[in-house]
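Student: Questions regarding the structure given below will be posed in turn.
The values are calculated or read from the model by the stated rules, or taken from the named source; none is laboratory data. The shown structure was predicted, so the numbers you read here are calculated from the model rather than taken from an experiment. Every residue, glycine among them, receives a Cβ derived from its backbone with ideal geometry; neighbour counts consider all protein chains shown.
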Amino acid sequence: MSYRPLLTIVMLVCAFFFAASCSETEEYAAEPQSGVDYHSFANTEDYRITHVDMDLTVDFSRKVIVGIATLRIERLGDGNNALILDTRDLTIESVHAGNRDQVEAVSFTLGDSVDIRGAALAIELPADASTVVIHYQTSPAATGLQWLEPQQTAGKRHPFLFTQAQAIHARSFIPLQDTPGIRITYDATIRTPSELRAVMSANNDPDTEKNGVYSFSMPQPIPAYLIALAVGDLEFKAMGPRTGVYAEQEVLDAAAAEFADTEAMLEITEEVYGPYRWDRYDLLILPPSFPFGGMENPRLSFITPTVLAGDKSLVSLIAHELAHSWSGNLVTNSSWRDLWLNEGFTTYLTYRIMQFVYGDERYQMEMALGYADLQTDLDDLDDHDELLAIDVRGRDPNEVFSNIPYEKGALLLYEMEQKIGREAFDRFLLDYFNEFAFQSITTEDFLAYLDRTLIMSHPQELDADRIREWIYNPGIPEGAPHPQSDAFTQVDTIRQAWLIGAEAAEKIDTSNWAYHQWKHFLDGMPDRLNRDQLEDLDQAFKLTASTNNEIAFSWLRIAIRNDYEPAYDRLEDFLVSIGRNKFLMPLYRDLMAAEKVAMADRIFQKAKPGYHPLTVKRNSQIVYPESAE
Ligand code: BES
Ligand code: ZN
């Protein structure tokens, strides 16, 4: 038999896949490959950036950053391929390359913006080039920047800028290899209006004179998604020897009081999981339009002011961002498929830190709330989004992440802890952080390490196949732990008595209720409540007026579902003044589900100028499902 027809078929099939892989709507193989970053153009097998020197001028009037990025590169391959960098919406003015002392203009091509990755910047390099200097500008629509008007700040006098680079948005303000698999050190000079202060994920010095020119260095190698900058009318207040807060004067004292336990959190985490390797740990309190709860930018976590509840009830957020100093910033997911290595480990550590600092009862309640979040997602998500090692190809990672990498990841670690005991498990985590410190690893690297450590030492207790089931299958394996809280069981009984009318709301003794019990009380309500019940709750507990944003959020969801219009002014105020997407998306979804389309549209249009660009995008998909804006 001639082999020719077979060869022809093979060639045709190859040509098809080649064409498909080049087309705009990229076709992917069935499974993502471990260790491949599908969200970056960078040719990291040819070149590696090791250091970036930034000179950035922050222009509030044009809402652009004018930048010079000097990249130090290491050549890995033998060929003389172009250096390919990630960019999005950048204007590239010139590129020079050469060695440290002498650079010359070189030719470059900025590709079209093809998909969520942005545009590839291909730079022709002289054979011995070790330095590349890029002059560029950002766009006012940069996905990694939010420019705030004075009106959106606490002081109302000065504008504010912050970056949010995770997951694939550093490229919208610096051209670089924007993949978590590559680590860089950096230096920066930041030029701002002279009355403002710049802070970065670097060596901030609280005593620096406010003069409009600020210098930073970040000597530990970090992935690009941890590069961060904020500029505003910022002051500093120390909380402990290594911890402090940057914030506008108006919220500085409240923040320092709310987060006063940060130093204790830092000390206990070091004791159990090994030294804190980043020198200082400070917090930056952002204006309320910050789209996340927190962001673990090294040495300087970015924090939403919506957790300033006055009673430390929401400070697990700080424990979480601090914990990333080990799980995430020290040991980093090598691509966004492996995010659970960052967030799952961090969520597990968060619970442990909360227990160390606040005791067993709070630990149980925090875990039980996390488990409830996990259950909600397991009910709602498609199977393929329930894996820990999740296929995020072709999608913006920020739009895919749910509670799965967080709470399912943490539950897997909790199961392992339960099976082998805390002492052995803590020892394992300490060794793991040391083994992979300042590296980026895949799920499979973790599994290989687990196989040769804990699974070897605990063959009776741990089962390698079961752990793989947790990671590669949807749902949670049978017999998985189910964290519970005695305090919540009591709340369940009380809620039930109230629901059947056996007890009026004002008769319930809530004087000792922790925030978590309120949250559990409200989140466990049935979908439908009648007007009398809503009024009974609101009058007894002043829920519409609650100053705890988590409680207000849970209550507003109930109000929308049941058309309780006395809460609508508060709802509007909440949606307009807060930009934290975790609150916004469910509320807009609830409004749409309740067919309050006109109200959703009106409030969204009013709030939109104050939202982060990515928040606008995601919520307009909810409010305008037909015409994804
Ligand atoms: N690193 C995340 C935020 C993030 C994740 C940004 C993925 C972009 C892509 C941060 O540590 C985080 O998890 N924040 C949570 C708070 C936490 C207590 C669950 C948030 O912002 O809600
Ligand atoms: Zn996190």
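Student: What is the residue count in region 141-158 for residues that are closer than 15 Å to Tyr611 by Cα and either surrounded by fewer than 18 Cβ atoms within 10 Å (Cβ to Cβ) or over 24 Å from the mean Cα position of the chain (by Cα) (or both)?
Tutor: Going through region 141-158 one residue at a time, the tally reaches 4.
Student: Right, Ile560: closer than 20 Å to Thr306 by Cα, among the β-branched types (Val, Ile, Thr) and assigned to a helix (DSSP H, G or I) or not?
Tutor: It is false that Ile560 is closer than 20 Å to Thr306 by Cα, among the β-branched types (Val, Ile, Thr) and assigned to a helix (DSSP H, G or I).
Student: Go through region 305-334 and count every residue that is touching a residue at least 60 places away in the same chain (Cβ under 8 Å), out of contact with any Leu (no Cβ under 6 Å at 6 or more places or on another chain) and closer than 20 Å to Ala368 by Cβ.
Tutor: 4
Student: Also, I was wondering about something else. If a residue must be within 16 Å of ligand 1 (Cβ to nearest atom) and either within 21 Å of Asp311 (Cβ to Cβ) or in a helix (DSSP H, G or I) (or both), how many such residues does region 270-285 contain?
Tutor: So the answer is 2.
Student: Testing Gly294 on (1) within 26 Å of Leu388 (Cβ to Cβ); (2) more than 11 Å from ligand 2 (Cβ to nearest atom); (3) surrounded by fewer than 24 Cβ atoms within 10 Å (Cβ to Cβ); (4) not aliphatic (A, V, I, L, M), one condition comes back false. Which one is that?
Tutor: (2)
Student: Can I ask one more? From the list Gly344, Gly328, exactly one residue is within 13 Å of ligand 2 (Cβ to nearest atom), outside the structural domain of Arg393 (by TED's automatic domain parsing) and under 26 Å from Ser34 (Cα atoms). Which is it?
Tutor: Result of the check over Gly344, Gly328: Gly328.
Student: With respect to the numbered conditions (1) touching a helix residue (DSSP H, G or I) at 6+ places or on another chain (Cβ under 6 Å); (2) more than 12 Å from ligand 2 (Cβ to nearest atom); (3) hydrophobic (A, V, I, L, M, F, W, C); (4) within 26 Å of Leu145 (Cβ to Cβ), which one is the sole condition not fulfilled by Leu339?
Tutor: Exception for Leu339: condition (2).
Student: When you go through Ala448, Ala480 one by one, which is the residue that is closer than 30 Å to Thr185 by Cα and among the small types (Gly, Ala, Ser)?
Tutor: Exactly one of Ala448, Ala480 is closer than 30 Å to Thr185 by Cα and among the small types (Gly, Ala, Ser), namely Ala448.
Student: I'm checking my understanding of the structure. Among residues of region 514-528 that are crowded, with 18+ Cβ neighbours inside 10 Å and free of Cβ contacts under 8 Å to residues at least 40 places away in the same chain, which one is farthest from the chain's Cα centre (by Cα)?
Tutor: Met525
Student: Does region 603-624 include one or more residues that are of a type in the set (Gly, Ala, Ser), away from ligand 2 (no atom under 16 Å from the Cβ) and over 24 Å from His169 (Cα atoms)?
Tutor: The answer is no; no qualifying residue exists.
Student: Within region 95-113, how many residues are exposed (fewer than 15 other Cβ atoms within 10 Å of the Cβ) and under 22 Å from Ser40 (Cα atoms)?
Tutor: Total meeting the criteria: 5.
Student: Run Pro221 past the list (1) farther than 19 Å from Val58 by Cβ; (2) outside any strand (DSSP E or B) and report the number of the one that doesn't hold.
Tutor: Going through the list (1) farther than 19 Å from Val58 by Cβ; (2) outside any strand (DSSP E or B), Pro221 breaks only (2).
Student: Out of Glu267, Glu263, I need the residue that is over 29 Å from Phe553 (Cα atoms), in a helix (DSSP H, G or I) and either in contact with a Gly (Cβ under 8 Å, 6 or more places away or on another chain) or not assigned by TED's automatic domain parsing to the domain that holds Gly232 (or both). Which one?
Tutor: Values: Glu267 fails: either in contact with a Gly (Cβ under 8 Å, 6 or more places away or on another chain) or not assigned by TED's automatic domain parsing to the domain that holds Gly232 (or both).
Of the residues listed, the single one that is over 29 Å from Phe553 (Cα atoms), in a helix (DSSP H, G or I) and either in contact with a Gly (Cβ under 8 Å, 6 or more places away or on another chain) or not assigned by TED's automatic domain parsing to the domain that holds Gly232 (or both) is Glu263.
Student: Same structure again: Could you please find all residues in region 353-370 being within 14 Å of ligand 1 (Cβ to nearest atom) and not small (Gly, Ala, Ser)?
Tutor: Answer for region 353-370, where residues must be within 14 Å of ligand 1 (Cβ to nearest atom) and not small (Gly, Ala, Ser): Ile353, Met354, Glu366, Met367, Leu369.
Student: Within region 141-197, restricting attention to residues that are within 16 Å of ligand 1 (Cβ to nearest atom) and part of a strand (DSSP E or B), which residue is farthest from Arg117 (Cα to Cα)?
Tutor: It comes out as Phe162.
Student: Could I ask something else about it? So Ala323 passes all but one of these: (1) more than 11 Å from ligand 1 (Cβ to nearest atom); (2) surrounded by 24 or more Cβ atoms within 10 Å (Cβ to Cβ); (3) within 21 Å of Leu286 (Cβ to Cβ). Which condition number does it fail?
Tutor: (1)
Student: Hey, Leu121 hits all of (1) of a type in the set (A, V, I, L, M); (2) at pLDDT 95 or above; (3) not in a strand (DSSP E or B) but one; which does it fall short on?
Tutor: Looking at each condition in turn, Leu121 falls short on (3).
Student: Here are some conditions: (1) in contact (Cβ under 8 Å) with a residue 12 or more places away in the chain; (2) surrounded by 14 or more Cβ atoms within 10 Å (Cβ to Cβ); (3) more than 20 Å from Leu369 (Cα to Cα). Asn473 meets all but one. Which one does it not meet?
Tutor: For Asn473, the failing item is (2).
Student: Oh, and also: Only one residue in Arg337, Arg277 is touching a residue at least 40 places away in the same chain (Cβ under 8 Å), outside the structural domain of Arg618 (by TED's automatic domain parsing), buried (at least 24 other Cβ atoms within 10 Å of the Cβ) and more than 30 Å from Leu575 (Cβ to Cβ), so which one is that?
Tutor: Exactly one residue qualifies, and that residue is Arg337.
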